[in-house]
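Q: Following this message is one structure expressed as structure tokens.
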Amino acid sequence: MDAAWSPSSWQTKPMAQAVEYPDQAALERVLRELSCLPPLVTSWEIERLKAQLAEASGGQRFLLQGGDCAESFEECRSDVIVNKLKILLKMSLVLVHGTGCNVIRLGRIAGQYAKPRSCLTETRQGVTLPSFRGWLINRPGFTVEERTPDPELLLRGYERAALTINFIRGLVEGGFADFHHPELWDLDFVNHSPHADEYRRIVQAIGGSIRFLETVADRRLDEITRVEFYTSHEGLHLLYEQAQTRQVPRRPGWYNLAAHFLWIGDRTRDPNGAHVEYFRGIANPIGVKLGPSITPEELLDLVRILNPQNEPGRLTLIHRFGVSRIDSCLPPLIEAIQRAGGVVLWCCDPMHGNTIAAAGRKTRSFDDILGELERAFDIHKRLGSRLGGVHFELTGENVTECIGGARKLTEEDLQRDYRSDVDPRLNYEQALEMAFVIASRLQGRCRQ
Ligand code: PEP
Ligand code: CO
């Protein structure tokens, strides 16, 4: 690696989405405090995830990454965390059943608090204020006080991330996975789906497999295997990330110990910019979001900078073009990576290219999301590549933020229970339905 890298070398590079704090002394005090707090994850967990992602790029595992667009400090509550964990576990069980692959469960959770914004200001009735940029930076209320960046929020965010991960670890360790009764999975929506029979067959088969395993082992499933669960967030606010970047005894390199996996957003992936500089030096597995403006040359630059040793598991490419653009955007990128012999894990985020405005809100249609995913599977297969993961914005709550799905939510329904401060998420039912579709799409992939 270039000797010039250090946890702060990004500060010499152009910085997209920079945050201006009015009180520098307060910021510095907070950063000093942050850099002394104990870590949230360990280097051996990080290396284990990297090894599993390497297997996913070889086709032996499948990545399921999901969670809120932006976690809210106000929703750092036991029921919300439990429900999010439950939906991810249930989706993963459906995927394990459908694909025969081990599924890597990676939450957008325990630190997903900073948001990139296309527009750094927001105007309402002639008043212009800084945009809401996630709870790590400012607050959502439309007042000068709430929208002014507050360094104390960095500490509050770290603490909430710690509370969240602590609770998740407790649930997972305690054998929380309630896999035993798929009939209790609130599957009413199945009755509304044109694929009802197929879904019911999958649910019954999962129930049968669990009972079979438990009979053979003479123990409950959650005692047989502890599920593994990893955390991730967008590495956007580099002062925060720098404070979490540490060396550990008996391993070379620098780890970001605030999450197992971090990704670079589509707005901050300039190969010459600060984010890419920071990311190239950390040892964690990392992702890069790829939107329609990326060129094959730029992608190859990124791959060279971020994964110069071509280390399997290090780099996940998360494409998010939208259903109408994936056919033209994705193939040249796959071909460029193939020509360069790059070992990467390809993952599809079918959310961020499909955001539309309807009834004065941001929404996404279930059919567009599904459409992009189906095309992604087809394109990779046609080109002899492999889609090894999916990335969703979802919640375990019954919100009404995305339209469509088996219950055919409409634009009018958006008024009923729209809670996201930022992007619209799949609700519990829509997310589970999506898992069923992927499972039937990947029929026995790892058994072949
Ligand atoms: C996100 O994942 O919430 C996000 C902002 O994505 P992207 O960088 O792909 O726009
Ligand atoms: Co989002």
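Q: Sorting check: for 351-359, 88-96, which peptide has the highest mean count of neighbouring beta carbons within 10 Å, and how do the rest follow?
A: Details: 351-359: 17.7, 88-96: 23.4.
Highest to lowest by the protection proxy: 88-96, 351-359.
Q: Right, another one. What Kirkwood Rh does the chain have if only Cα atoms enter the pairwise 1/r average? Answer in Å.
A: Details: mean 1/r = 0.0446 Å⁻¹.
Hydrodynamic radius (Kirkwood, Cα pairs) of the chain is 22.4 Å.
Q: Would you please calculate the Kirkwood hydrodynamic radius of the stretch 1-76 over all C-alpha pairs and express it in Å, rounded to one decimal? Before the final figure, lay out the partial values.
A: Values: mean 1/r = 0.0583 Å⁻¹.
About 17.1 Å, per the Kirkwood formula over Cα pairs.
Q: Please report the carbon-and-sulfur percent of the accessible area for the chain; probe 1.4 Å, protein heavy atoms only, DNA, RNA and ligands left out. Spell out each step's value before the answer.
A: Working: 9020 of 18280 Å².
Reported share for carbon and sulfur atoms: 49 percent.
Q: Keeping all protein chains in position, work out how much accessible area V19 exposes to a 1.4 Å probe, and write it in Å² to the nearest 10.
A: Taking all protein chains as shown, V19 has close to 30 Å².
Q: If you count, for each residue, the other Cβ atoms within 10 Å and average over each peptide, how do 228-237, 28-37 line up from highest to lowest? List each step's numbers first, then the result.
A: Numbers: 228-237: 24.8, 28-37: 14.2.
Packing order, densest peptide first, comes out as 228-237, 28-37.
Q: Give the accessible surface of the chain per residue, rounded to a whole number of Å², with probe radius 1.4 Å and ligands, DNA and RNA excluded.
A: Values: 18280 Å² over 448 residues.
Per-residue accessible area for the chain comes out at 41 Å².
Q: Could you tell me the center-to-center distance, by alpha carbons, between the stretch 258-279 and the stretch 48-124 in angstrom?
A: First find each Cα centre; the distance between them is then 18 Å.
Q: While we're here: In the chain, what % of DSSP beta bridges are antiparallel (nearest 5)?
A: On the way: 10 of 46 bridges.
Antiparallel: roughly 20 percent of the beta bridges in the chain.
Q: Rounding to the nearest 10 and keeping the result within 0 to 90°, find how far the Cα-based axis of helix 366-382 lies from the longest principal axis of the chain.
A: With both axes taken from Cα atoms, the answer is about 90 degrees.
Q: Report, in degrees rounded to the nearest 10, the 0 to 90 angle that the Cα long axis of helix 326-340 makes with the longest principal axis of the chain.
A: For 326-340 against the chain, the angle is about 80 degrees.
The values are calculated or read from the model by the stated rules, or taken from the named source; none is laboratory data. The shown structure was predicted, so the numbers you read here are calculated from the model rather than taken from an experiment. Reconstructed Cβ throughout: ideal geometry from the backbone, glycine too, with neighbour counts over all protein chains shown. Remember, those area values only see protein heavy atoms, side chains included, never the ligands or the DNA or RNA. Shrake-Rupley method; radii C 1.70, N 1.55, O 1.52, S 1.80 Å.
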